[in-house]
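**Student:** Sending over a structure as structure tokens; questions will come in a sec.
The values are calculated or read from the model by the stated rules, or taken from the named source; none is laboratory data. Keep in mind it's a predicted model, so treat the numbers as computed, not measured. Every residue, glycine as well, gets a Cβ built from its backbone with ideal geometry; the counts of neighbours run over all protein chains shown.
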Amino acid sequence: MKRSTINARVRAAIELFDTHRFALPPFALWSPAAWRDAGADADELRRCRLGWDLTDFGRGDYARCGLLLFTLRNGRAAAEPGDPVKSYAEKIMVVGDAQVTPWHYHLVKMEDIINRCGGQLVVDVCRADAEGRLTDDAVTVSVDGIRRTVAARGRVELSPGESITLPPRLAHQFTAAGGAVLASEVSSLNDDETDNYFIEPTSRFPSIEEDEPAQYQLCTEYE
């Protein structure tokens, strides 16, 4: 991805959050220089990878296959001395209209995905077997605490205010319909390095072409 695209997408996300009166913490607006000046006092942010996270999943077409996230809180399985011990995580996400986050599952993380506002959040679900292949078994999911059974690769459409619970090994992909969606994720500890299993070969983090200076630092770029 070009750095200019990343800068523009983050700026647009900040405007969208402001429009919906979703306030981000102050470090969301830190420049790379501000991150350097923060020093060791901000190490918890760095170690837990809080902040901006934007990816095209290695497809090179962010508008069709990509996701923008901001991690608000997270812990680590092995916390450093002095760090709070957190067993939970929270993210806010911008899902573009017809923009796909491809099929994947987690072995450890359990999460709720919530449509906060915007269009419809469309979530496809399917069981994954021990080899990481999608099965043909029907799936029972919890939508706001109400059980719902759908066919393998079945679709659950969430209107603003609705949510779905995704337990470990339940593969899912999602997109937005009828307009971009502001979605949130509330989960157990989040580890994007070791607990993302994609059905098709996929790069979780982007390769960046530095065509202009960075205005914001991605959580994968902390020193």
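**Student:** Just to be sure I understand, how many residues within region 188-202 are among the polar types (S, T, N, Q) and closer than 18 Å to GLY51 by Cα?
**Tutor:** 2
**Student:** Answer yes or no: is there a residue in region 9-27 that is without any contact (Cβ under 8 Å) to a residue 60 or more places away in the chain, exposed (fewer than 14 other Cβ atoms within 10 Å of the Cβ) and among the hydroxyl-bearing types (Ser, Thr, Tyr).
**Tutor:** So far as region 9-27 goes, yes, one or more of its residues are without any contact (Cβ under 8 Å) to a residue 60 or more places away in the chain, exposed (fewer than 14 other Cβ atoms within 10 Å of the Cβ) and among the hydroxyl-bearing types (Ser, Thr, Tyr).
**Student:** Please verify whether region 213-220 includes one or more residues that are of a type in the set (Val, Ile, Thr) and crowded, with 18+ Cβ neighbours inside 10 Å.
**Tutor:** Start the filter on region 213-220 by keeping residues that are of a type in the set (Val, Ile, Thr), which leaves 220.
Still in the list and also crowded, with 18+ Cβ neighbours inside 10 Å: none.
No, every residue in region 213-220 fails to be of a type in the set (Val, Ile, Thr) and crowded, with 18+ Cβ neighbours inside 10 Å.
**Student:** Pull up region 68-103, narrow it to residues that are more than 22 Å from ASP124 (Cα to Cα) and under 16 Å from the mean Cα position of the chain (by Cα), then point me to the one that is surrounded by the fewest Cβ atoms within 10 Å (Cβ to Cβ).
**Tutor:** First pass over region 68-103, keeping only residues more than 22 Å from ASP124 (Cα to Cα): 70-89.
Among the residues that remain, those that are also under 16 Å from the mean Cα position of the chain (by Cα) are: 70-75, 88-89.
Details: PHE70: 24, THR71: 21, LEU72: 17, ARG73: 15, ASN74: 22, GLY75: 20, TYR88: 12, ALA89: 22.
Per the stated criteria, the residue is TYR88.
**Student:** Among the residues of region 1-55, what is the count of those that are farther than 14 Å from MET93 by Cα and outside any helix (DSSP H, G or I)?
**Tutor:** Residues that pass the stated criteria total 8.
**Student:** Something else about it: Looking at (1) surrounded by 18 or more Cβ atoms within 10 Å (Cβ to Cβ); (2) closer than 21 Å to VAL181 by Cα, which one does SER142 not meet, given that it meets all the others?
**Tutor:** Looking at each condition in turn, SER142 falls short on (1).
A quick yes/no check of all residues on (1) more than 13 Å from the chain's Cα centre (by Cα); (2) within 22 Å of GLU111 (Cα to Cα); (3) not small (Gly, Ala, Ser):
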residue	(1), (2), (3)
GLN173	no, yes, yes
ALA183	no, yes, no
ASP192	no, yes, yes
THR202	yes, yes, yes
TYR216	yes, no, yes
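**Student:** Can I ask one more? With respect to ARG116, determine if the residue is within 22 Å of the chain's Cα centre (by Cα) and either of a type in the set (D, E, K, R) or on the phi > 0 side of the Ramachandran plot (or both).
**Tutor:** Working: within 22 Å of the chain's Cα centre (by Cα): yes; either of a type in the set (D, E, K, R) or on the phi > 0 side of the Ramachandran plot (or both): yes.
Here the answer is yes, as ARG116 does meet what is asked.
**Student:** I'd like to know if region 192-204 contains one or more residues that are among the polar types (S, T, N, Q), at pLDDT below 95 and under 23 Å from ARG64 (Cα atoms).
**Tutor:** Scanning region 192-204 turns up at least one residue that is among the polar types (S, T, N, Q), at pLDDT below 95 and under 23 Å from ARG64 (Cα atoms).
**Student:** Ok, one more. Of the residues SER187, SER159, only one is without any contact (Cβ under 8 Å) to a residue 60 or more places away in the chain and polar (S, T, N, Q); which?
**Tutor:** Among SER187, SER159, only SER159 is without any contact (Cβ under 8 Å) to a residue 60 or more places away in the chain and polar (S, T, N, Q).
**Student:** Which pairs turn up if I take residues in region 117-144 that are without any contact (Cβ under 8 Å) to a residue 24 or more places away in the chain and over 14 Å from PRO168 (Cβ atoms) and look for partners that are among the hydrophobic types (A, V, I, L, M, F, W, C) and in a loop (DSSP other than H, G, I, E, B) with beta carbon separation below 7 Å, at least 6 apart in sequence or on another chain?
**Tutor:** THR135/ALA152; ASP136/ALA152; ASP137/ALA152; ALA138/ALA151; ALA138/ALA152
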